Amino acid sequence: MIILGIETSCDETSAALVADGRTLLGEVTATQMEIHAAFGGVVPEVASRHHVTSITQVVDKVMKDTQMSLDDVDAIAVTCGPGLLGSLLVGVSAAKGYALASGKPLIGVHHIAGHVAAAAIESDVAWPVLCLVVSGGHTELLTVDKSFQFEKLGATKDDAAGEAYDKVARLLGLAYPGGPKVDKLAQIGNASAYDFPRALLDEDTFDFSFSGLKSAVNNALTKQRNRREEIVSEDVCASFQAAVIDVLLEKTRRAIATTGLRQVVVAGGVAANQGLRQAMESFAVAEQVDVVFPPLRFCTDNAAMIAAAGYYRFCQGHQDDLYLNAYAQLPL
Ligand code: KG4
Ligand code: ZN
């Protein structure tokens with residue numbers, strides 16, 4: 001079954017064709033990263049305008065690259081939320097147009113379901129699994145059952161993990177998007193240089209909190225700047241990253257103990273983090289669990305993951321009509 005996936009929830013305009021939820025036939029993504037870097041973050045109005053000019057081009061190109069047409073597609077899946085409303089509306093409107101023109105079924109997909117489905121593209125995932133979602137907008141621990149239904153165990157009470165990475169990067173004067181830059185510097189820094197807080201570890205909850213950590217970094221840097229002390233960005237990044245990873249690992253360990261699930265999927269943009277990937281590898285050995293990361297290219301936003309999630313939704317009999325809307329906030 002071939003699904004055309006469309007993703008426009010933030011600053012990537014992406015279209016992909018995926019067979020049976022796991023075989024990538026083709027993907028074309030127009031990134032706006034450099035445009036938004038000039039502003040230090042994504043500007044919603046600018047993002048939606050660029051989606052408008054790119055959307056039909058990326059769909060046309062993926063069809064051309066794979067030598068396919070809408071006749072070869074079984075259904076059209078599109079991210080309908082959560083995300084930037086203006087950006088989402090472009091993808092949803094385009095998907096409705098393609099569905100109407102071709103008569104093919106339309107499937108609205110939750111963006112986080114897409115991040116989870118990314119782990120099963122070109123690799124084996126035996127559902128049910130425990131899923132740690134760490135993206136720019138979300139930090140959540142979920143269970144995902146055989147029918148691709150989700151149950152939320154916990155979530156961040158304030159900033160998402162990726163958001164904390166981007167904010168700390170900003171405090172250090174690193175350009176947007178800061179996550180990958182902090183990751184790189186952390187690899188050569190001293191993780192014990194600063195003793196940053198690990199929030200909510202004493203509480204019996206699967207929730208997270210990262211805003212205090214960001215404030216702690218800000219306070220430490222302000223203090224050092226006032227004293228005219230040299231700031232070693234590598235050490236700040238390594239110490240910050242160690243605090244994030246400690247919390248993610250400990251909460252995941254507790255969720256494994258509670259649910260009894262032995263397979264953990266780590267999804268979302270922060271799943272591209274090298275420090276987290278290495279720490280999770282050691283964690284998998286110590287806890288005797290199987291940890292699955294999506295291939296790097298499917299960690300950050302892409303349409304292949306939306307096509308994959310659309311496939312699972314379609315197999316469960318889900319289909320939307322042309323009244324499908326876009327939602328900035330959308331429960332899983
Ligand atoms: O999943 P994603 O592409 O978009 C959302 O759905 O939010 O995630 C983007 C987030 C950004 O905050 C970015 O800084 C972070 O993922 N990110 C990373 C890395 N690569 C991307 N954070 C830490 N280390 C990385 N290597
Ligand atoms: Zn995302």
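Might you check whether a residue that is touching a residue at least 24 places away in the same chain (Cβ under 8 Å) and not hydrophobic (A, V, I, L, M, F, W, C) occurs anywhere in the stretch 276-285? Before the answer, list the steps.
Our first condition is that a residue be touching a residue at least 24 places away in the same chain (Cβ under 8 Å); within the stretch 276-285, this holds for 276, 279-280, 283.
Retained after the next criterion (residues that are not hydrophobic (A, V, I, L, M, F, W, C)): none.
Within the stretch 276-285, not a single residue is touching a residue at least 24 places away in the same chain (Cβ under 8 Å) and not hydrophobic (A, V, I, L, M, F, W, C).
Specify the residue that is farthest from residue 2 (Cα to Cα); the eligible residues are those in the stretch 137-155 that are within 16 Å of ligand 2 (Cβ to nearest atom) and surrounded by fewer than 22 Cβ atoms within 10 Å (Cβ to Cβ).
Result: 155.
Among the candidates 81, 137, which residue alone is modelled with pLDDT under 95, within 13 Å of ligand 1 (Cβ to nearest atom), under 30 Å from residue 54 (Cβ atoms) and under 19 Å from the mean Cα position of the chain (by Cα)?
Checking each option against the conditions leaves just 137.
Can you tell me which condition residue 116 does not meet? The list is (1) touching a residue at least 60 places away in the same chain (Cβ under 8 Å); (2) more than 14 Å from the chain's Cα centre (by Cα); (3) closer than 20 Å to residue 298 by Cβ, and all the others hold.
Looking at each condition in turn, residue 116 falls short on (2).
In this structure, does residue 106 turn out to be surrounded by fewer than 18 Cβ atoms within 10 Å (Cβ to Cβ) and either away from ligand 1 (no atom under 13 Å from the Cβ) or more than 19 Å from the chain's Cα centre (by Cα) (or both)? Break it down into steps so the answer makes sense when it comes.
Details: surrounded by fewer than 18 Cβ atoms within 10 Å (Cβ to Cβ): no; either away from ligand 1 (no atom under 13 Å from the Cβ) or more than 19 Å from the chain's Cα centre (by Cα) (or both): yes.
So residue 106 fails the test.
Can you name the residue in the stretch 27-61 that is touching an Asp or Glu at 6+ places or on another chain (Cβ under 6 Å) and crowded, with 19+ Cβ neighbours inside 10 Å and is also nearest to residue 302 (Cα to Cα) among such residues? Working first, answer last.
The first filter runs over the stretch 27-61 and keeps only residues touching an Asp or Glu at 6+ places or on another chain (Cβ under 6 Å), leaving 29, 31-32, 36, 42, 47.
Now drop any that are not crowded, with 19+ Cβ neighbours inside 10 Å, which leaves 29, 32, 36, 42, 47.
Numbers: 29: 7, 32: 13, 36: 18, 42: 16, 47: 15 Å.
By that ranking, first place goes to 29.
Inspect all residues belonging to the stretch 127-135 and state whether any of them is of a type in the set (A, V, I, L, M, F, W, C), away from ligand 2 (no atom under 14 Å from the Cβ), in contact (Cβ under 8 Å) with a residue 60 or more places away in the chain and closer than 21 Å to residue 75 by Cβ.
For the stretch 127-135, residues of a type in the set (A, V, I, L, M, F, W, C), away from ligand 2 (no atom under 14 Å from the Cβ), in contact (Cβ under 8 Å) with a residue 60 or more places away in the chain and closer than 21 Å to residue 75 by Cβ: absent.
Confirm whether residue 268 is buried (at least 18 other Cβ atoms within 10 Å of the Cβ) and either under 21 Å from the mean Cα position of the chain (by Cα) or not assigned by TED's automatic domain parsing to the domain that holds residue 133 (or both).
Yes.
Check 166, 158 and return the single one that is acidic (Asp, Glu), assigned by TED's automatic domain parsing to the domain that holds residue 244 and free of Cβ contacts under 8 Å to residues at least 60 places away in the same chain.
Of 166, 158, the one residue that is acidic (Asp, Glu), assigned by TED's automatic domain parsing to the domain that holds residue 244 and free of Cβ contacts under 8 Å to residues at least 60 places away in the same chain is 158.
Tell me, yes or no, whether the stretch 260-273 has at least one residue that is assigned to a helix (DSSP H, G or I), at pLDDT 95 or above and more than 15 Å from residue 131 (Cβ to Cβ).
yes
Which of the residues spanning the stretch 275-301 are within 15 Å of ligand 2 (Cβ to nearest atom), part of a helix (DSSP H, G or I) and either basic (Lys, Arg) or surrounded by 14 or more Cβ atoms within 10 Å (Cβ to Cβ) (or both)?
297, 298
Just checking, which of 160, 155 is among the small types (Gly, Ala, Ser), within 10 Å of ligand 1 (Cβ to nearest atom) and modelled with pLDDT of 95 or more?
160
Kindly provide the set of residues from the stretch 302-326 that are assigned to a helix (DSSP H, G or I) and either at pLDDT below 95 or under 20 Å from residue 86 (Cα atoms) (or both), ordered by number.
The first filter runs over the stretch 302-326 and keeps only residues assigned to a helix (DSSP H, G or I), leaving 303-315.
Of everything in the stretch 302-326, those that are assigned to a helix (DSSP H, G or I) and either at pLDDT below 95 or under 20 Å from residue 86 (Cα atoms) (or both) turn out to be 303, 306.
Got a number for residues in the stretch 302-329 being more than 13 Å from residue 110 (Cβ to Cβ) and within 16 Å of ligand 2 (Cβ to nearest atom)?
Adding up the residues that qualify gives 4.
Find the strands (runs of 3 or more DSSP E) located wholly in the stretch 6-92 whose residues include 2 or more that are touching a helix residue (DSSP H, G or I) at 6+ places or on another chain (Cβ under 8 Å) and among the polar types (S, T, N, Q), and list them.
12-19
So is residue 202 acidic (Asp, Glu), within 16 Å of ligand 2 (Cβ to nearest atom) and either at pLDDT below 95 or in a loop (DSSP other than H, G, I, E, B) (or both) or not?
no
Which residue is nearest to ligand 2 (Cβ to nearest atom), if the candidates are limited to the stretch 170-184 and must be buried (at least 20 other Cβ atoms within 10 Å of the Cβ) and within 14 Å of residue 276 (Cα to Cα)?
Selected residue: 179.
Looking at this structure, is residue 244 within 22 Å of the chain's Cα centre (by Cα) and within 30 Å of residue 88 (Cβ to Cβ)?
Yes, satisfied.
The values are calculated or read from the model by the stated rules, or taken from the named source; none is laboratory data. None of these values were measured; they are calculated from a predicted model. Don't worry about glycine lacking a Cβ; one is built from the backbone with ideal geometry, like all the others, and counts go over all protein chains shown.
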